[in-house]
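Every read-out reported here was derived from the displayed coordinates using simple, explicitly stated rules and does not represent laboratory data. The structure presented is a predicted model; accordingly, all values stated were derived computationally and were not measured. All Cβ positions, glycine included, derive from the backbone under ideal geometry; neighbour counts span all protein chains shown.
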Amino acid sequence: MSFDRRTSGVTGFNAAFPAVHKVDMSNLIVDHVAVYVDLASIEIFINDGERVLTEIVFPTVPYKTVHLDKTNPSFAVSTISSIWQ
């Protein structure tokens, strides 16, 4: 599994920030994927935490789309209400 931060928004503040981060998925049967997207973070949990990828991002505009490669095209999107009133 990989996450590409090279075009995630503001990235020029540190040369190491715009990078592709990877998690080894070899020998893993994926039963469940949960993705949580916040204003400045994205967390991906595989099999309830068997593998986890957490990324901080600084988008210039709010994200409105998700692009998934090599996955089952069947998925559901749920929203979580803000705790801020």
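Here are the numbers for this structure:
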| read-out | value |
| --- | --- |
| FRET efficiency, Lys64 to Trp84 (Cβ-Cβ, R0 22 Å, nearest 0.05) | 0.60 |
| Among 37-47, 14-24, the order from most to least packed when residues are scored by Cβ within 10 Å on average | 37-47, 14-24 |
| Gain on full stretching of the segment that runs from Tyr36 to Glu55 - 0.36 nm per residue minus C-alpha separation | 5.8 nm |
| Whole-number percent relative contact order across region 2-56, with pairs defined as alpha carbons under 8 Å at least 6 apart | 25 percent |
| In sequence order, calculated HN-Hα J values of region 33-38 (Karplus, 6.51, -1.76, 1.60; Hz; x Gly/Pro) | 10, 10, 10, 10, 10, 10 |
| Charge dipole magnitude, Cβ of K and R +1, D and E -1 - region 2-56, Cα centre, debye nearest 20 | 300 debye |
| Three principal axis lengths of region 2-56 [C-alpha, angstrom, descending] | 37, 23, 13 |
| Cα→Cβ-extended label distance, 7 Å offset, between Arg6 and Ile29, nm | 3.5 nm |
